[in-house]
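**Student:** Submitted below is the structure of interest, expressed as structure tokens.
The values are calculated or read from the model by the stated rules, or taken from the named source; none is laboratory data. What you see is a predicted model, and the numbers here were worked out from it, not measured in a lab. Cβ: placed from backbone, ideal geometry, glycine included. Neighbour counts: every protein chain shown.
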Amino acid sequence: MVELPADMDEDDFSFWTHPNRPQRLRMIACGSHFANRIIKIRSRRIDGAVKETSGLNLDAVMNEAFRLLGLQ
């Protein structure tokens, strides 16, 4: 079972949980669609973190971005 991100928007959530879409179709779509959604959601998190750290040095911004991506 794929665990959905907690901060997913309503359209994305309904795509993955819609009762009339077959489970198999969701799993086939998971490869590209879900990866794109994860990238979009993480990009929003990074944008928010960059806005919060604006005025700080570049190292702090990069560290926050790596932390949000799970690379640190």
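**Student:** Among Asp47, Asp12, which is modelled with pLDDT of 70 or more, in a helix (DSSP H, G or I) and either in contact with a Gly (Cβ under 9 Å, 6 or more places away or on another chain) or farther than 19 Å from Leu69 by Cα (or both)?
**Tutor:** Asp12
**Student:** Of all residues in the stretch 27-44, count the ones that are polar (S, T, N, Q) and either modelled with pLDDT of 75 or more or in contact with a helix residue (DSSP H, G or I) (Cβ under 8 Å, 6 or more places away or on another chain) (or both).
**Tutor:** Our first condition is that a residue be polar (S, T, N, Q); within the stretch 27-44, this holds for 32, 36, 43.
If we keep only those that are either modelled with pLDDT of 75 or more or in contact with a helix residue (DSSP H, G or I) (Cβ under 8 Å, 6 or more places away or on another chain) (or both) as well, we get 36, 43.
Of the residues in that region, 2 qualify.
**Student:** Given (1) modelled with pLDDT of 75 or more; (2) not in a loop (DSSP other than H, G, I, E, B), where does Arg24 come up short, assuming only one miss?
**Tutor:** Here Arg24 meets the rest and fails (1).
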